[in-house]
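Notes follow the structure.
The values are calculated or read from the model by the stated rules, or taken from the named source; none is laboratory data. What you see is a predicted model; the values in this text were computed from it and never measured. We place every Cβ from the backbone using ideal geometry, glycine too, and count neighbours over all the protein chains shown. Calculation scope for accessible area: heavy atoms of the full protein, side chains included, ligands and nucleic acids excluded. Shrake-Rupley method; radii C 1.70, N 1.55, O 1.52, S 1.80 Å.
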Amino acid sequence: FSDPILVAANDGVGTKVKIAIESGLHSTIGIDLVAMCVNDLIVQGAEPLLFLDYYATGKLDPKVGIEIVRGIADGCRQAGCALIGGETAEMPGMYRDGDYDLAGFAVGAAERGQLLPSEEVSEGDVILGLSSSGVHSNGFSLVRKIVELSGLAWDAPAPFAEGKSLGAALLTPTRIYVKPLLKAIKETKALKALAHITGGGFPENIPRVLPKHLAAEIDLDAVRAPAVFSWLAKTGGVAPNEMLRTFNCGVGMIAVVSPDKADQVAGVLEAEGESVFRLGRMVARAEGAHGTLYKGSLTL
């Protein structure tokens, strides 16, 4: 960097931790922790530099602790940042034995004047969708309620993922988009805005990176929701609009680019292993209208 701006983000994993605790599967929850922080750095155009974790529990189980920290280290490798330390707190009386919670803190850097979103987002720009790996780390209070309604145990075969237990399938870690997006930013210099689709789904995450006079027109026919979302919707009786408001529905990240650069950006991302598709476009926003508009329908 020649003139860097530091960017910081912190986050947790939410009630997805409860599934790790109840299923006894702790090896990937640390990847989620890193992902939720570093994906919030890359949407600002920042390269993650370092990560710190906070791990709080009622009574430390060294075997569980090792699995969690191993996952955190794996996530940091995927993001290309350093795990420089952390805090482990034993808090009897605050947490029951076996319970724990996680929080993460990440710092990244970007060149001054190159932070995203840029001021060049325009009507007609293309919205590219990057596929998610599954539910990621949001909406798990509802997920757990639906699992309770289903009557299935965490070690039961997952109805939507052959060869996996329900717990293991739902614990599929959040995808880390950092390295492919960094490459696309540096090689194409064409990305105008990025949005990490977390809690709040499309309607809450996309408008925050857009100018007030524009809206994102999303073509729901372009979305290929993984089977887990179909199972959640059907088992829980969740309406499509509520699914879009709660989950990523198969789209973990969106990128806004000029129409003439869309194929170039998609090509770079696909070469880095991402599944990319045209999700929509930028349109003029009527006064008082919402920042996310839909056409087509979500297939669940």
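Per-residue answers, yes or no, for (1) part of a loop (DSSP other than H, G, I, E, B); (2) open to solvent by 10 Å² or more (accessible area, probe 1.4 Å); (3) within 24 Å of Glu270 (Cβ to Cβ); (4) touching a strand residue (DSSP E or B) at 6+ places or on another chain (Cβ under 6 Å):
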| site | (1), (2), (3), (4) |
| --- | --- |
| Leu115 | yes, yes, no, no |
| Ser141 | no, yes, no, no |
| Glu162 | yes, yes, no, no |
| Thr172 | yes, yes, yes, no |
| Gly199 | yes, yes, no, no |
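Does Leu33 count as surrounded by fewer than 22 Cβ atoms within 10 Å (Cβ to Cβ), closer than 27 Å to Ile254 by Cα and hydrophobic (A, V, I, L, M, F, W, C)? The answer is no for Leu33. The condition (being within 15 Å of Val135 (Cβ to Cβ), in contact with a helix residue (DSSP H, G or I) (Cβ under 8 Å, 6 or more places away or on another chain) and aliphatic (A, V, I, L, M)) is satisfied by just one residue among Ile218, Ile197: Ile197.
Checking each residue of segment 258-279 against the condition of being under 14 Å from Glu123 (Cα atoms), at pLDDT 95 or above, within 18 Å of the chain's Cα centre (by Cα) and surrounded by 20 or more Cβ atoms within 10 Å (Cβ to Cβ) gives no match.
Inside segment 1-19, can you point out the residues that are among the β-branched types (Val, Ile, Thr), out of contact with any strand residue (DSSP E or B) (no Cβ under 7 Å at 6 or more places or on another chain) and open to solvent by 20 Å² or more (accessible area, probe 1.4 Å)? Passing the criteria: only Thr15. Scan segment 239-257 and tell me whether some residue there is in a loop (DSSP other than H, G, I, E, B), surrounded by fewer than 17 Cβ atoms within 10 Å (Cβ to Cβ), touching a residue at least 60 places away in the same chain (Cβ under 8 Å) and under 20 Å from the mean Cα position of the chain (by Cα). No, because not a single residue in segment 239-257 is in a loop (DSSP other than H, G, I, E, B), surrounded by fewer than 17 Cβ atoms within 10 Å (Cβ to Cβ), touching a residue at least 60 places away in the same chain (Cβ under 8 Å) and under 20 Å from the mean Cα position of the chain (by Cα). Looking at segment 20-28, can you tell me whether even one residue there is within 15 Å of the chain's Cα centre (by Cα) and either hydroxyl-bearing (Ser, Thr, Tyr) or open to solvent by 50 Å² or more (accessible area, probe 1.4 Å) (or both)? Yes, that holds for at least one residue.
Do the conditions hold for Asp74, that is, is it touching a residue at least 60 places away in the same chain (Cβ under 8 Å) and surrounded by 14 or more Cβ atoms within 10 Å (Cβ to Cβ)? No. Of all residues in segment 54-64, those satisfying the criterion of being within 16 Å of Val13 (Cα to Cα) and open to solvent by less than 20 Å² (accessible area, probe 1.4 Å) are Tyr55, Ala56, Thr57. If you filter segment 36-53 down to residues that are assigned to a loop (DSSP other than H, G, I, E, B) and at negative phi, you find that the one that is surrounded by the fewest Cβ atoms within 10 Å (Cβ to Cβ) is Gln44.
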